[in-house]
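The values are calculated or read from the model by the stated rules, or taken from the named source; none is laboratory data. Remember, it's a predicted structure, so these values are computed and weren't measured experimentally. Because the Cβ atoms are built from the backbone with ideal geometry, glycine has one as well, and the counts that use them run over all protein chains shown. Note: accessible area is taken over every heavy atom of the protein model, side chains too, but ligands, DNA and RNA are not part of it. Shrake-Rupley method; radii C 1.70, N 1.55, O 1.52, S 1.80 Å.
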Amino acid sequence: MSTASAEHTPVPAGGRPPSGVVPAGIGDEAAPDLPGQLAALDELGWRHLELRTIGGLPIARLDEATFAHSAERIRAAGVTVVCVASKIGDWSRPVTGDFALDLAELDVLARRCAVLGTRLVRVMSYPSGGLPEAEWGRRARRRLRELARRAEDAGLLLAHENCAGWAGDRAERMLDLVTGVGSPALRLLFDVGNGVAYGYPSAPMLAAVVQHVVHVHVKDAVTGPEGRVGFVPPGTGEAQVAKCLRLLLAHGYTGALSIEPHLHLRPHLAAASADATPGDPGRGDHAAFVAYGRTLERLVAQVTATAGELR
């Protein structure tokens with residue numbers, strides 16, 4: 001096994017890690033405005049963007065003119081959109097809420113993803129809204145089944161994130177969704193860092209579901225006093241980032257590794273639902289985003305080199 005540190009592992013020209021995975025980033029972690037998001041990617045030499053918000057608005061809530069201008073600007077920059085992070089089933093939409101909001105958002109994203117050239121839409125599986133577990137699960141599964149049916153008809157691929165929701169922190173529930181719904185339009189998004197906040201080790205969770213993972217978020221975190229979670233550069237915290245990368249590469253993963261630093265922006269703090277206390281979500285940070293991306297490049301290069309030595 002190599003003893004080289006990530007800081008001294010070379011990265012190929014152009015910023016592309018040597019593993020076949022695609023480096024990407026959630027743009028609003030760099031800047032709220034699209035020019036700022038594209039500028040951060042350009043500094044990294046990356047060409048893959050995950051869209052969550054532009055100007056503070058989710059992609060489905062942009063007016064038509066703003067969306068059309070944004071899509072053209074992304075194309076002109078030579079950037080590919082790898083995923084749209086929707087609000088469907090997220091921390092702000094309990095399972096007791098109006099399902100019509102999610103269906104309407106999916107309808108809008110079906111049209112907009114076609115323009116953006118991506119099929120992938122991030123979803124979650126709904127906070128409980130105070131319901132007992134059994135009823136919570138029944139409603140969440142029923143909603144995801146209907147969403148997957150519509151996504152399949154629209155040519156979309158829903159990627160369920162291990163975050164807020166009925167299947168957010170248990171591998172058996174994630175597998176239940178994928179196998180129980182039985183649709184090719186529903187797969188998994190694995191966020192490496194969410195386990196620190198939700199109280200489970202990331203690597204065993206990933207190992208249990210990896211065959212269904214189509215998209216990956218990279219973040220890292222540490223647990224501080226009184227259980228408070230602080231976010232840190234990838235590979236320096238408790239999220240087992242390097243171990244998760246090895247697992248992904250061992251299973252032939254060649255999708256996106258999309259950075260979500262959370263160093264200066266934590267969107268969930270803006271929630272105003274029965275399951276969340278509103279707070280200041282902060283703003284994206286260009287310099288921190290670029291530094292985070294460079295750290296991930298070095299870490300992936302190190303993990304890849306180590307994997308080669310072990311073969």
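In this structure, is W46 in contact with a His (Cβ under 6 Å, 6 or more places away or on another chain) and surrounded by 15 or more Cβ atoms within 10 Å (Cβ to Cβ)? For W46, the condition - in contact with a His (Cβ under 6 Å, 6 or more places away or on another chain) and surrounded by 15 or more Cβ atoms within 10 Å (Cβ to Cβ) - is not met. Run down V196, V181 and say which single residue is closer than 23 Å to R246 by Cβ and open to solvent by less than 60 Å² (accessible area, probe 1.4 Å). One residue alone meets the criteria, V196. Of all residues in the stretch 182-201, which are under 13 Å from H217 (Cβ atoms), modelled with pLDDT of 95 or more and of a type in the set (G, A, S)? Selection gives G193, G195. Checking each residue in the stretch 49-86 for being charged (D, E, K, R) and open to solvent by less than 50 Å² (accessible area, probe 1.4 Å) picks out E50, R52.
Kindly indicate whether H217 is open to solvent by less than 40 Å² (accessible area, probe 1.4 Å), in a strand (DSSP E or B) and either touching a Cys at 6+ places or on another chain (Cβ under 9 Å) or at pLDDT 85 or above (or both). The answer is yes for H217.
Can you say whether G168 is among the small types (G, A, S), open to solvent by less than 10 Å² (accessible area, probe 1.4 Å), closer than 26 Å to T96 by Cβ and outside any strand (DSSP E or B), as far as the supplied structure shows? So G168 fits the description; yes. Looking at G252, G235, G230, just one residue is crowded, with 20+ Cβ neighbours inside 10 Å and either outside any strand (DSSP E or B) or more than 15 Å from the chain's Cα centre (by Cα) (or both), and that residue is G235.
Among the residues of the stretch 138-157, is any at pLDDT 95 or above, part of a loop (DSSP other than H, G, I, E, B) and surrounded by fewer than 16 Cβ atoms within 10 Å (Cβ to Cβ)? Among the residues of the stretch 138-157, at least one is at pLDDT 95 or above, part of a loop (DSSP other than H, G, I, E, B) and surrounded by fewer than 16 Cβ atoms within 10 Å (Cβ to Cβ), which makes the answer yes. The set of residues from the stretch 180-212 being of a type outside the set (D, E), part of a strand (DSSP E or B) and either touching a Pro at 6+ places or on another chain (Cβ under 8 Å) or within 21 Å of I259 (Cα to Cα) (or both) comprises R187, L188, L189, F190.
Among the residues of the stretch 87-117, those identified as outside any helix (DSSP H, G or I) and either of a type in the set (D, E) or surrounded by 21 or more Cβ atoms within 10 Å (Cβ to Cβ) (or both) are K87, I88, G89, D90, W91, R93, P94, V95, D98.
Test V222 against the stated conditions and say whether it is touching a residue at least 40 places away in the same chain (Cβ under 8 Å) and touching a helix residue (DSSP H, G or I) at 6+ places or on another chain (Cβ under 9 Å). I'd like the intermediate steps shown before the answer.
On the way: touching a residue at least 40 places away in the same chain (Cβ under 8 Å): no; touching a helix residue (DSSP H, G or I) at 6+ places or on another chain (Cβ under 9 Å): yes.
Against the criterion (touching a residue at least 40 places away in the same chain (Cβ under 8 Å) and touching a helix residue (DSSP H, G or I) at 6+ places or on another chain (Cβ under 9 Å)), V222 does not qualify.
Looking only at the stretch 238-249, count how many residues are part of a loop (DSSP other than H, G, I, E, B) and at negative phi.
The number of residues fulfilling the criteria is 2.
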